[in-house]
Amino acid sequence: MKVLPLITLVGVSLAAAAPALAQQGTKADPAVLAKIKDEGLNRSKVMETAFYLTDVCGPRLAGSEGLSRAHAWTKKQLTDWGLTNAEVEPWGTFGRGWDIEKSYVAMTAPYYHTLIGAPKAWTPGTNGALKKQVVVVKARNVAGLDEYKGRLKDKIVLLEVANPPQPNFEPDARRHTDEALQKMADYKPEGPLTATPQQQQATKQRQELSAMRARMADMFVSEGAAAILSSRGGSDGTFFTSNGAPYAADAKPVLPELEMAPEDQLRLIRLADAGIPVEIELETRTKFQTQDLKGYNVVAEIPGTDKKLKSEVVMLGGHLDSWHAATGATDNAAGCAIMMEAVRILKASGVQPRRTIRIALWGEEEQGLFGSRNYVKNHFADPATMKLLPAHEKLAAYFNLDNGAGKIRGVYAQGNEGVVPIFQDWLKPFADMGATTVTLRNTGGTDHLSFDAVGLPGFQFIQDPLDYGTRTHHTNMDTYERLPADDLKQASVLVASFVYQAAMRDQKLPRKPLPAAKPENKS
């Protein structure tokens, strides 16, 4: 996922509701909360689950074999823990899957040295080993690109590094300070904000860069280049990864392309710029999965026990898919492992929820929240029309986790002032675990937005950032080693307690007014 701080679009003021009213009508048992805490801290399975999702299932790119392995394993594991109605549920058509079967790149002249890199997603393989000279392409506009015509045939193209690494005098990982959390808690929405001139200019530059990159890709194919080496940045051997071609079944052909650690890419460029011939040897073998173009979510339930409320649902979830250069530990095996551990804790603690509890592990989040958006569209409402399905009225709440592996410090209320005193009260038993903050602020970039878009109460937890934004988010370093066990245990307990308390209330959580329909832009 991508973390995008968003501001509430409609000004609201924090209600002066007395905290004593927050739990009115709640049937949560303090003894059960104590059991949840004990089970989650002293008999945790969360790291075992994280191991299977990362090291055993492997990278889980949308439509890949790794994601299919994760579908099968999570469905079986949830069933083994006693959940019911476990299903790998299709949400609709996605496109081609893609897997790496082999990847190797090295510099062979002016001397031999292995390089750090991986194929960009949905790019083809090299059809065998290549050993080619390089050409550095530095073009900021169409005229600059034209200068390379006739020079690229059978060459490996080196692209510039847009963000060269710089000395860093701050630690990679950090936790929220008390001051930062207090600032979140004190936040008061001020109404709609317009983009600053600097933000507008940055958006324009990104659009121009994207258009230029597409033009480059077409030219490299037409000129007969052999492959492309590129870098989106990073440092200390870390590189950020992405897709180099669309996943659509009818996407036009592109060249093999590897994303590189910037230090390696910059060394190649310096040598070539100095007039020293540079030769690269590489081989990639990639496989397109075209036999099944559908996308899937994994869902399972703990049935409700209250005669009147069991038809209502409390949901929790995170996205199961990842990028491919690592095993997607912090994005988002951590979130899925925590959500799975939360329902395991509830089952092991003997919880008898009044409402049904449903876990959902989303697919294809990284390409645009596709799994959750289509689940919401199929089950609750289409934001394009705001025509509500019967189940819309039955959803009590949705809780999401997808901001890395840090401990939970509170929850974003997503502009819903009615839930603030409720969440503040729910956090009180866990103040000693560092979770105290409720903020009216919105947060964006992940699956709770799919629920919020149709007026359903969807929430994302506040987490310590650790090294998510600096080292692991969409990089080749997003591995199991980045998961602190104590943080995942704490988060599992907090999630289980929120889900339990939402399932036990007499009323569903308060909702914001229904949003207006937002017809899709077909242009």
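The values are calculated or read from the model by the stated rules, or taken from the named source; none is laboratory data. Note that this is a predicted model, so its numbers are computed, not measured. Every residue, glycine among them, receives a Cβ derived from its backbone with ideal geometry; neighbour counts consider all protein chains shown.
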Find all pairs meeting these conditions: Cβ atoms under 7 angstrom apart; at least six residues apart or on different chains; first residue within the range 497-516 and within 20 Å of R358 (Cβ to Cβ); second residue among the β-branched types (V, I, T) and in a loop (DSSP other than H, G, I, E, B). Y500/V351
If I filter the range 160-177 for residues that are surrounded by fewer than 11 Cβ atoms within 10 Å (Cβ to Cβ), more than 30 Å from P59 (Cβ to Cβ) and at pLDDT 95 or above, do I get at least one hit? yes
What's the number of the condition R60 fails, among (1) assigned by TED's automatic domain parsing to the domain that holds N442; (2) basic (K, R); (3) modelled with pLDDT under 95? (3)
Do we have N42 as exposed (fewer than 13 other Cβ atoms within 10 Å of the Cβ), among the polar types (S, T, N, Q) and either modelled with pLDDT of 95 or more or touching a His at 6+ places or on another chain (Cβ under 8 Å) (or both) here? yes
Pick from A202, A225: which is surrounded by fewer than 14 Cβ atoms within 10 Å (Cβ to Cβ) and among the small types (G, A, S)? A202
(1) touching a helix residue (DSSP H, G or I) at 6+ places or on another chain (Cβ under 9 Å); (2) within 30 Å of K120 (Cα to Cα) all hold for V454 apart from (2)
What are the pairs, 6+ residues apart or on separate chains, where a residue within the range 248-275 that is assigned by TED's automatic domain parsing to the domain that holds A109 and modelled with pLDDT under 95 has its Cβ under 6 Å from a residue that is charged (D, E, K, R) and outside any helix (DSSP H, G or I)? A249/R96
Go through the residues of the range 208-227 one by one and say whether even a single one is polar (S, T, N, Q) and either assigned to a helix (DSSP H, G or I) or in contact with an Asp or Glu (Cβ under 7 Å, 6 or more places away or on another chain) (or both). yes
What's the total number of residues in the range 267-317 that are surrounded by fewer than 20 Cβ atoms within 10 Å (Cβ to Cβ), under 24 Å from V88 (Cα atoms) and among the β-branched types (V, I, T)? 1
Take A195 and tell me if it is in the same structural domain as L282 (by TED's automatic domain parsing) and either within 30 Å of L282 (Cβ to Cβ) or surrounded by 12 or more Cβ atoms within 10 Å (Cβ to Cβ) (or both). no
Candidate set from the range 29-49 (those that are within 31 Å of the chain's Cα centre (by Cα) and charged (D, E, K, R)); member that is farthest from W426 (Cα to Cα): E48
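Each row is one residue, and each column tells you yes or no for (1) among the hydrophobic types (A, V, I, L, M, F, W, C); (2) closer than 30 Å to L229 by Cα; (3) in contact with a His (Cβ under 9 Å, 6 or more places away or on another chain).
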{"position": "M107", "(1), (2), (3)": "yes, yes, yes"}
{"position": "P110", "(1), (2), (3)": "no, yes, no"}
{"position": "R140", "(1), (2), (3)": "no, yes, no"}
{"position": "L152", "(1), (2), (3)": "yes, yes, no"}
{"position": "A185", "(1), (2), (3)": "yes, no, no"}
{"position": "P197", "(1), (2), (3)": "no, no, no"}
{"position": "K204", "(1), (2), (3)": "no, yes, no"}
Would you say K512 is more than 23 Å from the chain's Cα centre (by Cα), closer than 30 Å to P383 by Cα and not in a strand (DSSP E or B)? yes
Go through (1) buried (at least 19 other Cβ atoms within 10 Å of the Cβ); (2) outside the structural domain of V420 (by TED's automatic domain parsing) one by one and return the number of the condition L514 breaks. (1)
Test result for K132, of a type in the set (D, E, K, R), crowded, with 16+ Cβ neighbours inside 10 Å, over 24 Å from A251 (Cβ atoms) and not assigned by TED's automatic domain parsing to the domain that holds P484: yes
Among all residue pairs at least 6 apart or on different chains, which show Cβ distances below 7 Å where the first residue, located in the range 377-404, is touching a residue at least 40 places away in the same chain (Cβ under 8 Å) and the second is buried (at least 23 other Cβ atoms within 10 Å of the Cβ) and basic (K, R)? A396/R355
Out of all the residues in the range 178-219, which are at pLDDT 85 or above, closer than 27 Å to L466 by Cβ and out of contact with any strand residue (DSSP E or B) (no Cβ under 7 Å at 6 or more places or on another chain)? D178, E179, A180, Q182, K183, D186
Which one is modelled with the lowest pLDDT, of the residues in the range 468-494 that are hydroxyl-bearing (S, T, Y) and in a helix (DSSP H, G or I)? T470
Starting from residues that are out of contact with any Lys or Arg (no Cβ under 9 Å at 6 or more places or on another chain) and within 20 Å of L488 (Cβ to Cβ), keep the ones in the range 60-75 and report whichever is surrounded by the most Cβ atoms within 10 Å (Cβ to Cβ). T74
Take the residues in the range 286-310 that are of a type in the set (A, V, I, L, M) and more than 23 Å from the chain's Cα centre (by Cα); name whichever of them is farthest from E365 (Cα to Cα). L309
Kindly indicate whether L316 is touching a strand residue (DSSP E or B) at 6+ places or on another chain (Cβ under 8 Å) and farther than 30 Å from Q77 by Cβ. no
Single residue of D321, D331 found to be assigned by TED's automatic domain parsing to the domain that holds G304, touching a residue at least 12 places away in the same chain (Cβ under 8 Å), assigned to a helix (DSSP H, G or I) and closer than 30 Å to M260 by Cβ: D331
